[in-house]
Amino acid sequence: MKSTNKKENPRRAELVRLSNDMRDKRNLGKKTAKTEEESLFWACVGINDLIKAQYYEQAGTNDFRTFTDWHEAGFKIKRGEKGWIIWAQKRAAPKPDQSPQPSEEVDEYLFFPTCYLFNVNQVEPFNIASHEEKI
């Protein structure tokens, strides 16, 4: 077993556990589907979609966006709020045991980074008046 100095992120570990639960839920849905439509749904639904559906239910809203999306819409995240973690798009990265050399080709592997979403209950509009007073 390889030893690594990198600590495991507990939020990522929770996302892995939740992903495994959703994978089991999807597999059960495939096995117990009663109609062709249900079967097609369970065959096509993604793990992130199932995770987000659970978050929607827990938060009581389905308006979730990234920090950047909220910022561009004129909102800021309320102090102390924690994001809801999901998987981001796959990215290529150099293998951890290789240090890239300028003329050397580096083996890459695909990994899924994480992404944090915030819901409408976790944001507030920017206070433009107080911002202008400070300028």
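Read-outs: derived from the displayed coordinates by stated rules, not from any lab. These numbers come from a predicted model, not from an experiment. Reconstructed Cβ throughout: ideal geometry from the backbone, glycine too, with neighbour counts over all protein chains shown.
Numbers below:
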quantity	calculated
Segment 1-91: trypsin sites (Lys or Arg not before Pro) in DSSP loop, at most 12 other beta carbons within 10 Å	2, 6, 7, 34, 78, 79, 82, 90
All-pairs Cα distance distribution in segment 1-96, expressed in whole percent, bin size 5 Å	2, 10, 14, 18, 19, 14, 11, 8, 4, 1
Listed residue pairs exceeding 30 Å between alpha carbons, taken from 30/78; 31/52; 7/90; 7/31; 30/90	30/78; 7/31
Distance (nanometres) between label positions extended 7 Å along Cα→Cβ at residue 17 and residue 76	3.4
Residues in segment 54-94 reached by a label modelled at residue 126 [backbone nitrogen below 15 Å; 7 Å Cα→Cβ]	67-78
